[in-house]
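Peer 1: I have a structure I would like to understand better, so I am pasting it below and will then ask my questions one at a time.
The values are calculated or read from the model by the stated rules, or taken from the named source; none is laboratory data. Keep in mind that what you see is a predicted model, and the values were worked out from it rather than measured. So basically every Cβ, Gly included, is an ideal-geometry build from the backbone, and we count neighbours across all protein chains shown.
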Amino acid sequence: MGVCGEQKDKKKKPEKEENKILTNEITPIEEGKKDDKLKSVPNMKKSYAIKILNTDNNQGYNKVIDGDITIHQMLSEMKFRENCDFIIEFENNLKIGAEKINVKLENILIEIFNSDIPEVIEMKYSYKGLNIPENAIEAYRKDNKIIGSAIMDSTDIFGIITYEINTRSLNPYYYQRNEYPELIYFNSFTAYCNAKNCLYFSGGEKEQSYEVEEKSAQYNEFISIDLTKLSSNNDKLEINQLPNLNVPRTWHSMIFVPNKYIFIVGGSNTKSVELYDMEEKKLTKDSELNEERCEATLCLVNNIYLYAFYGFFLHKDYNNSIERCNLLKEERKWEDIYAVEKSALRFKPSFFAISYFKNDLLLIGGNDAGEEERYDYLYKLENEEDKKDEILDYKFESKEKINIFKDKFFMPIDNNKAVNIPLSIGGEIKVFILDTQTGKVISYDNNNK
């Protein structure tokens, strides 16, 4: 990180101290002792001229601020994002991080500048977690003009279904697997997700690999297909080979998080989470779930948290727990979420989809452990720390049959609509358009474009 402004210290410190990151050495001054401390600093002022640059968006900020406020209060005036890790770098190369957020500004300045506090205090701040937009729904809307689904249950044919937002057209494309060696890895055990008009596929395993000796036959392949380049003239399918997964996976989940991240989460016999940076084209190990989850449903919540809902334990029982991870933290960790069930949950939740709905979430369809009736649920998000999220029954206006969703996230396409293509079963191809203000579902089949 560069330095904002010229060096202000009259006494140059050794290089190893210039780059020192302050830790908990700074202790807030007790009210009764504050005056004595300030007397030892000749030019200590009550107010300070602050000049700050946000290095993430080059946005500047200039203001005279009272030194009695905390760093958090100062940053709040700049509409600084809550719950994030950050670094503030002063003009003499000294830095503070999020652990100092509740320390008063004047105490920080005494430690940083000693007795030579400049007239204008120049600093830069930057976020240390992922760069997530503050309006994720708008980012999803802008980034996705066409979404897709895949048909992978045939050993001979590989199918891709696309839905074009502007023309409301639903189009199928079919390819012979023997013409594309890359496609042999992807089948019903594969995960995929939509991101920026592309489909991303990862992992999978050999068909019928339930025997103990074949459990290692999981794949770590990772590819993308540009949906805008598909052609009805049977032109050759372009497949973009991506870095192999760090952990071979099956029965796992994927989600696109704006503006450039794909999370690859869990699966059978692993709690690991991987992160793909679409711009840097790098795939890295990110974090660890608290529990193993096969086919968990993922959702970005409040532009901060990645939620992992339910799923199942392979060959065992369903997982009825929820956990989340703060993506704005530099080191990401998953925490358990305890939601209050306001109704008796009748289905074993897996393979269901999720959508933003007003200020809450809708849990839609899925596998209900053999029952014929489909139940949907409203997940009410509680923003107060001392209260828990709630899960309630919800009835759609549409009386659709049970639907299984491989890409389990409904993609927002405007301010009050989201779209998803459920898994094609028995040759029936359709797309769900969800009104995210009323909960009404509109279904289009292949003959109703």
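Peer 1: Here are some conditions: (1) part of a loop (DSSP other than H, G, I, E, B); (2) within 27 Å of Asn57 (Cβ to Cβ); (3) at pLDDT below 95. Arg141 meets all but one. Which one does it not meet?
Peer 2: Among (1) part of a loop (DSSP other than H, G, I, E, B); (2) within 27 Å of Asn57 (Cβ to Cβ); (3) at pLDDT below 95, Arg141 violates only (1).
Peer 1: Another question about this same structure. Among the residues of region 351-361, is there at least one that is surrounded by 23 or more Cβ atoms within 10 Å (Cβ to Cβ) and β-branched (Val, Ile, Thr)?
Peer 2: Yes, there is a match, as at least one residue in region 351-361 is surrounded by 23 or more Cβ atoms within 10 Å (Cβ to Cβ) and β-branched (Val, Ile, Thr).
Peer 1: I need every pair where a residue in region 108-133 that is farther than 18 Å from Glu330 by Cβ and not assigned by TED's automatic domain parsing to the domain that holds Cys84 has its Cβ under 6 Å from the Cβ of a residue that is crowded, with 19+ Cβ neighbours inside 10 Å and among the charged types (D, E, K, R), sequence separation at least 6 or different chains.
Peer 2: Close Cβ pairs satisfying both conditions: none exist.
Peer 1: Run down Lys271, Lys215 and say which single residue is modelled with pLDDT under 95, basic (Lys, Arg) and over 15 Å from the mean Cα position of the chain (by Cα).
Peer 2: Going through Lys271, Lys215 in turn, just one is modelled with pLDDT under 95, basic (Lys, Arg) and over 15 Å from the mean Cα position of the chain (by Cα): Lys215.
Peer 1: Which is without any contact (Cβ under 8 Å) to a residue 60 or more places away in the chain and closer than 20 Å to Ser202 by Cβ, of Ser253, Ser268?
Peer 2: Ser268
Peer 1: Out of Glu99, Glu89, Glu82, I need the residue that is part of a helix (DSSP H, G or I) and of a type in the set (Asp, Glu). Which one? Spell out the reasoning first.
Peer 2: On the way: Glu89 fails: part of a helix (DSSP H, G or I); Glu82 fails: part of a helix (DSSP H, G or I).
Sole residue among the options that is part of a helix (DSSP H, G or I) and of a type in the set (Asp, Glu): Glu99.
Peer 1: Considering every residue within region 283-299, establish whether at least one is under 17 Å from Glu82 (Cβ atoms) and within 12 Å of the chain's Cα centre (by Cα).
Peer 2: No, that holds for no residue.
Peer 1: Also, I was wondering about something else. If we keep just the residues of region 153-181 that are loosely packed, with under 15 Cβ neighbours inside 10 Å and over 32 Å from the mean Cα position of the chain (by Cα), which is nearest to Asn240 (Cα to Cα)?
Peer 2: Only one residue fits best here, namely Glu179.
Peer 1: With the requirement that a residue be crowded, with 21+ Cβ neighbours inside 10 Å and either within 25 Å of Ile304 (Cα to Cα) or in contact (Cβ under 8 Å) with a residue 60 or more places away in the chain (or both), what does region 76-91 give you?
Peer 2: Correct list: Phe86, Ile88, Glu89, Glu91.
Peer 1: Would you be able to tell me the number of residues in region 187-203 that are over 17 Å from the mean Cα position of the chain (by Cα), aromatic (Phe, Trp, Tyr) and part of a strand (DSSP E or B)?
Peer 2: So the answer is 1.
Peer 1: Could you pull out the residue among Ser202, Ser209, Ser224 that is assigned by TED's automatic domain parsing to the domain that holds Arg249, modelled with pLDDT under 90 and of a type in the set (S, T, N, Q)?
Peer 2: On the way: Ser202 fails: modelled with pLDDT under 90; Ser224 fails: modelled with pLDDT under 90.
The match here is Ser209.
Peer 1: Restricting attention to region 102-117, which residues are more than 15 Å from Ile52 (Cβ to Cβ) and buried (at least 17 other Cβ atoms within 10 Å of the Cβ)?
Peer 2: Keep residues of region 102-117 that are more than 15 Å from Ile52 (Cβ to Cβ), which gives 102-104, 106-107, 110-111, 113-117.
Within region 102-117, Val103, Lys104, Glu106, Asn107, Ile110, Phe113, Ile117 qualify.
Peer 1: With the condition being of a type in the set (Asp, Glu) and assigned by TED's automatic domain parsing to the domain that holds Phe410, I'd like the strands (runs of 3 or more DSSP E) fully within region 249-367 carrying at least 3 qualifying residues.
Peer 2: On the way: elements: 253-257, 261-265, 272-277, 282-288, 297-301, 305-309, 322-326, 334-337, 353-357, 360-364.
It comes to none.
Peer 1: Can you work out which of the residues in region 71-97 that are over 15 Å from Met123 (Cβ atoms) and polar (S, T, N, Q) is modelled with the lowest pLDDT?
Peer 2: Ser76
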